[in-house]
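The values are calculated or read from the model by the stated rules, or taken from the named source; none is laboratory data. Quick caveat: nothing in here was measured; it's all calculated off a predicted structure. Neighbour counts are summed over all protein chains in view; Cβ atoms, including those assigned to glycine, are modelled from backbone coordinates with ideal geometry.
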Amino acid sequence: MLMTPRLLLLSVLFVFAGAATAQDYPVKPIRIIVPYATGGSTDVLARILAPRLTEILGKSVHVENKPGGASMLGVDTVAKSPPDGYTLGIVNIAFVANPSLKTNLPYDTEKDLVPISLLSTATLVMAVHPSVQARSVKEFIALAKAKPGSLFFGSAGIGAGNHLMTERFNYMAGIKMVHVPYKGGGPSVVGLISGETSVLFASIPSTIQFFQSGKLVPLGVGSLKRNDALPNVPTLAEAVPGFEASEWIGLVTTAGTPPAVVNRLNQALVQALSMPQVKESILGLGADPIGSSQQEFSAFIKKEIGAWSKVIKDVGITID
């Protein structure tokens, strides 16, 4: 079917309008949706980056918290926003696990959202209450096998990264513990210190002061090599070969956003993450700043969805 001169003109104008929009971006404030309550690592990282992105992009970048539904409420807001690059979303492990955990996702993770950049990764530490009669990972596993169902593990909530990590640890170590979900990372640490739970996979900065005071005991770190902050603590993989425990945070936007806009956002993020003061702040959270390309983060997301799908199926985790 041949185009009429009028249709041809309209199509040309549409292309140029899209290009102009991408070239002028941004022309209004940008919001970063954090699908969790204030105070958690995702929220803190977003608030570290927002003022730097404001400087780089020349328009206000503000953070908006939309907690609920194991991050689904906030992510759905991003998925259903106009595809113009003015609504961004912070995501973490829940983003790639939810497609396998939930049968009623209100959005398609891979089709409705576009990855922009991986922002950071953080090693977790396996911390126990001093009353637990184990001072190594192998001793802990032996205790759990001797008394199945007697040990309680905390998490930042059902479907949270450390919930999934601990379930994976249970599976790989051949043990069974009872899950106690809290409303956030902070309360889960308090629950461990008070003795409500026996063990918690937590960030190093949130627990290191309690290791130093003796209120908590570190058994193993989730990286494949020992962590500089806890040099005398062995890796979990030394006791459970192949096991890793780390969290990551990234940024996505709505599918259909012009590639030039996504690229501009990626460049701004990489620039912000390379700033010394931003690096220092992120390192202070116990995380490592990344700043990947859009293509690298897309490949990472696809790999993570496949990996967690297998883990969730093998372990039999359900949150519906």
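A few notes on this one:
- Counting residues in region 52-65 that are touching a residue at least 12 places away in the same chain (Cβ under 8 Å), out of contact with any Gly (no Cβ under 9 Å at 6 or more places or on another chain) and under 28 Å from L219 (Cβ atoms) gives zero.
- Output for region 264-284, where each listed residue is touching a helix residue (DSSP H, G or I) at 6+ places or on another chain (Cβ under 6 Å) and farther than 23 Å from Y25 by Cβ: S281
- Meets criteria (modelled with pLDDT under 95 and within 21 Å of the chain's Cα centre (by Cα)) for T207: yes
- Scan region 23-36 for residues that are more than 14 Å from the chain's Cα centre (by Cα), part of a loop (DSSP other than H, G, I, E, B) and buried (at least 16 other Cβ atoms within 10 Å of the Cβ) and the total you get is 2.
- Looking only at residues in region 97-110 that are closer than 30 Å to S274 by Cα and assigned to a loop (DSSP other than H, G, I, E, B), the one that is farthest from the chain's Cα centre (by Cα) is E110.
- Any hit, region 164-180, residues being of a type in the set (K, R) and buried (at least 20 other Cβ atoms within 10 Å of the Cβ): yes
- Residues in region 284-311 that are among the aliphatic types (A, V, I, L, M), closer than 24 Å to G40 by Cβ and at pLDDT 90 or above: I290, I301, I305.
- Against the test of being more than 30 Å from S281 (Cα to Cα), without any contact (Cβ under 8 Å) to a residue 24 or more places away in the chain and not aliphatic (A, V, I, L, M), the options K147, K111, K102, K176 yield a single qualifying residue, K147.
- Any chance V125 is on the phi < 0 side of the Ramachandran plot and either within 18 Å of the chain's Cα centre (by Cα) or not in a loop (DSSP other than H, G, I, E, B) (or both): yes
- Every residue from region 66-79 that is surrounded by fewer than 22 Cβ atoms within 10 Å (Cβ to Cβ) and in contact (Cβ under 8 Å) with a residue 60 or more places away in the chain: A70
- Some residue of region 255-278 being in contact (Cβ under 8 Å) with a residue 40 or more places away in the chain, more than 22 Å from I90 (Cα to Cα) and charged (D, E, K, R): no
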